[in-house]
Amino acid sequence: MGKLFFLDATTNIDYRCSASVVVAPNKRTVLTAAHCLFDPSRQVGYVDHFFAPAYVDGNAPYGVWDMAEYIVHDKWVNEGKLHFDYGFMRMTRDDGVHIQDVVGALGFAWNQTNGFIDAMGYPANPPYDGERQKRDFTNSTIVDFANDGGGVLEGWFDEIISDFGGGSSGGPFVRDYNPQNRLGFARGVNSFRIPDRPYVYSAYFDGDAKVGKDFAGESGTGTQTLRASRWAPEGVGPLTTRATTPGTTWCP
């Protein structure tokens with residue numbers, strides 16, 4: 001797990017999120033929130049992403065990796081559906097070293113049920129300052145907003161009680177986390193809050209999330225362009241791919 005830095009080239013403002021390495025054949029796949037990659041309200045993709053695993057107090061003990069490409073769901077890009085507020089990045093570094101070979105990776109879990117998880121991230125809301133990784137052990141409950149929020153909230157979500165705020169976006173919800181070897185399974189990401197509620201929500205990782213993760217994790221070298229003509233299997237929505245050329249993260 002680490003801290004993600006990026007730029008809004010339209011405003012020249014720097015932003016921060018959180019992210020985590022997930023196991024993949026290409027050994028360079030990182031999971032974060034889609035809103036740390038693309039703003040559907042303005043149709044703007046953020047740029048100049050770099051990721052610092054285990055970042056602490058301004059230091060990157062394992063170095064940093066740049067993002068080569070990212071993958072988000074079409075329903076995030078075109079409709080801003082929070083049920084698809086997750087994305088995957090392919091990372092690169094000048095020396096060619098793959099990030100998974102250096103820091104390891106979380107497994108990936110989908111179609112999960114209620115259970116205890118560790119929410120992780122770099123919250124910058126008081127009393128936090130965004131400089132240290134925080135871990136919040138809590139129960140995750142699967143909820144359906146079909147009859148509650150509607151609109152962009154339509155769909156299933158993971159709900160936890162947490163005080164994490166801005167900066168923690170994209171940090172993983174980890175099932176079966178072992179603090180000794182720092183292994184576990186990513187089953188969601190910090191995505192958003194609803195005013196006056198004590199909860200943080202993640203999109204529910206279902207078959208769409210698994211397709212995106214597998215697509216991002218395909219073997220290959222370099223920074224090959226991901227084909228926008230790629231479609232997911234029947235019954236699973238299409239994916240949108242973007243390179244790192246132009247185009248605040250909002251919540252939590």
Response to the item:
By residue number, the members of the range 59-79 that are open to solvent by 40 Å² or more (accessible area, probe 1.4 Å) and either in contact with an Asp or Glu (Cβ under 7 Å, 6 or more places away or on another chain) or among the hydroxyl-bearing types (Ser, Thr, Tyr) (or both) are Tyr62
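Identify all residues within the range 57-80 that are more than 14 Å from Asp39 (Cβ to Cβ) and in contact with a helix residue (DSSP H, G or I) (Cβ under 9 Å, 6 or more places away or on another chain); write none if there are none.
Taking the range 57-80 first, the residues more than 14 Å from Asp39 (Cβ to Cβ) are 57-69, 71, 73-75.
Passing the criteria: Tyr62, Gly63, Trp65, Glu69, Ile71, His73, Asp74, Lys75.
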Worksheet entry | Selection count where residues are more than 30 Å from Ala109 (Cβ to Cβ), open to solvent by less than 70 Å² (accessible area, probe 1.4 Å) and part of a strand (DSSP E or B), scope the range 8-29 | 1
Response to the item:
The condition of being out of contact with any Gly (no Cβ under 7 Å at 6 or more places or on another chain) and of a type in the set (A, V, I, L, M, F, W, C) holds, among Ala68, Ala24, Ala33, only for Ala68
Worksheet, complete the sentence: Of those in the range 79-100 that are basic (Lys, Arg) and under 16 Å from the mean Cα position of the chain (by Cα), the residue farthest from Gly63 (Cα to Cα) is Lys81
Practice prompt. Please determine, by comparing only the residues of the range 127-145 that are in a loop (DSSP other than H, G, I, E, B) and out of contact with any helix residue (DSSP H, G or I) (no Cβ under 9 Å at 6 or more places or on another chain), which one is surrounded by the fewest Cβ atoms within 10 Å (Cβ to Cβ).
Written response: Pro127
Response to the item:
Residue set Val200, Val189; condition surrounded by 24 or more Cβ atoms within 10 Å (Cβ to Cβ), under 12 Å from Asp85 (Cα atoms), among the aliphatic types (A, V, I, L, M) and touching a Pro at 6+ places or on another chain (Cβ under 8 Å); output residue Val189
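The values are calculated or read from the model by the stated rules, or taken from the named source; none is laboratory data. Source: prediction; values computed, not measured. All Cβ positions, even for glycine, are placed from backbone atoms using ideal geometry, and neighbour counts span all protein chains on display. Accessible surface areas use protein heavy atoms only, side chains included; no ligands, DNA or RNA. Shrake-Rupley method; radii C 1.70, N 1.55, O 1.52, S 1.80 Å.
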